[in-house]
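Have a look at the structure below before the remarks.
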Amino acid sequence: MSDTTPSTSGSTEHRSGFASFVGRPNAGKSTLTNALVGQKVVITSSKPQTTRTVVRGIVHRPDAQLVLVDTPGLHRPRTLLGERLNDLVKTTLAEVDVVAACFPANEKIGPGDRFIVNEMAKVKRTTKVAIATKTDLATPEQVGQHLLDIQALGAETGTDWAEIVPVSAQAGDQVELLADLLIGLLPAGPQLYPDGDLSDAPEEILVAELIREAALEDVRDELPHSIAVVVEEMNLREDRPEDKPLLDIHANVYVERDSQKGIIIGHKGSRLRKIGTDARKQIEALLGTPVYLDLHVKIAKDWQRDPRQLRKLGF
């Protein structure tokens, strides 16, 4: 009996499974995950290599549950952290039902894309989909040519695309269609997560990511990869009335050098205060609770290259 055989009640079987977005850094994977889930569960930034943890966003439908695994961008690694991130992507690819490669429509297909599709081709069993992202930033002619280039890349690498879909997560174009197509490729199966769950990442991880996003936004290009955030404590404050809760969050922002610490703190603490305010608003929106956020900046010397420090910071 096939997966799509209707049951006697006239409804189709429930489908559930995992899909993973891959692509070079800044290909629009995180923005797409958030658009599909309908709420921010993954941090996005104009800087490449923002995503470091695999956060699962969950799309609920009456007849299906699509679990989106957001991976770091695959790239040629220069540090131990880079190698760990690539290993994380490769293990993820082997464990999901569908891998969707993202190719920004406003950029030509390049060696980075070829590297990723070749890595995907090594995972034999998984269904492969191609997504032309950021179509709002390209002309219709560019999008048309881009789709042909994606098809050619598939042929060249021996990758059989189950679907090639143009999407703009920013403008909301074809996002629902993409959800339908991905769900159609999932096996029949039970609900995997309770209704209302949008991610299975622990709240501490999501909070740390939002703080890191706020820090990244503020330091522009000065130190994109040198920031790590660890939430040390997160508790509801005691002695507060039930209708006026306050969540106390104590977190450390780690950088690699003294000079970077000064950049994060800013003149008389101005930048750290702004990071705290921006992060607090995002955390309150995500958790639905007023937050008191206490941030400290610490140095973990050259942590991206040090296995002991990487472990301590959760990589």
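The values are calculated or read from the model by the stated rules, or taken from the named source; none is laboratory data. All of these numbers come straight from a predicted model, not from anything done at the bench. Because the Cβ atoms are built from the backbone with ideal geometry, glycine has one as well, and the counts that use them run over all protein chains shown.
Looking only at region 147-179, residues that are over 14 Å from Arg114 (Cα atoms), in a helix (DSSP H, G or I) and under 24 Å from the mean Cα position of the chain (by Cα) come to 6 in all. Within region 280-297, restricting attention to residues that are part of a helix (DSSP H, G or I) and touching a strand residue (DSSP E or B) at 6+ places or on another chain (Cβ under 6 Å), which residue is surrounded by the most Cβ atoms within 10 Å (Cβ to Cβ)? If we take residues in region 280-297 being part of a helix (DSSP H, G or I) and touching a strand residue (DSSP E or B) at 6+ places or on another chain (Cβ under 6 Å), then Ile283 is surrounded by the most Cβ atoms within 10 Å (Cβ to Cβ).
So that you can scan it fast, the table gives a plain yes or no per residue for (1) within 23 Å of Leu210 (Cα to Cα); (2) modelled with pLDDT under 75; (3) outside any helix (DSSP H, G or I); (4) in the same structural domain as Gly288 (by TED's automatic domain parsing):
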{"site": "Val41", "(1), (2), (3), (4)": "yes, yes, yes, no"}
{"site": "Pro48", "(1), (2), (3), (4)": "yes, yes, yes, no"}
{"site": "Gly57", "(1), (2), (3), (4)": "yes, no, yes, no"}
{"site": "Val69", "(1), (2), (3), (4)": "yes, no, yes, no"}
{"site": "Leu74", "(1), (2), (3), (4)": "yes, yes, yes, no"}
{"site": "Arg78", "(1), (2), (3), (4)": "no, yes, yes, no"}
{"site": "Ala101", "(1), (2), (3), (4)": "no, no, yes, no"}
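Yes/no matrix, rows are residues, columns are (1) touching a helix residue (DSSP H, G or I) at 6+ places or on another chain (Cβ under 9 Å); (2) on the phi > 0 side of the Ramachandran plot; (3) at pLDDT 85 or above; (4) outside the structural domain of Glu256 (by TED's automatic domain parsing):
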position: Thr139; (1), (2), (3), (4): no, no, yes, yes
position: Leu147; (1), (2), (3), (4): no, no, yes, yes
position: Glu163; (1), (2), (3), (4): yes, no, yes, yes
position: Ala171; (1), (2), (3), (4): yes, no, yes, yes
position: Gln174; (1), (2), (3), (4): yes, yes, yes, yes
position: Leu177; (1), (2), (3), (4): no, no, yes, yes
position: Arg212; (1), (2), (3), (4): yes, no, yes, no
position: Leu216; (1), (2), (3), (4): no, no, no, no
position: Arg220; (1), (2), (3), (4): no, yes, no, no
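For region 222-268, filtering for residues that are in a strand (DSSP E or B) and of a type in the set (Ser, Thr, Tyr) leaves 1.
Among the residues making up region 110-142, those that are surrounded by fewer than 18 Cβ atoms within 10 Å (Cβ to Cβ), in contact (Cβ under 8 Å) with a residue 24 or more places away in the chain, closer than 18 Å to Ser168 by Cβ and not charged (D, E, K, R) are Leu137, Gln142. For region 277-315, a residue qualifies if it is among the hydroxyl-bearing types (Ser, Thr, Tyr) and within 18 Å of Glu204 (Cβ to Cβ), and the qualifying residues are Thr289, Tyr292.
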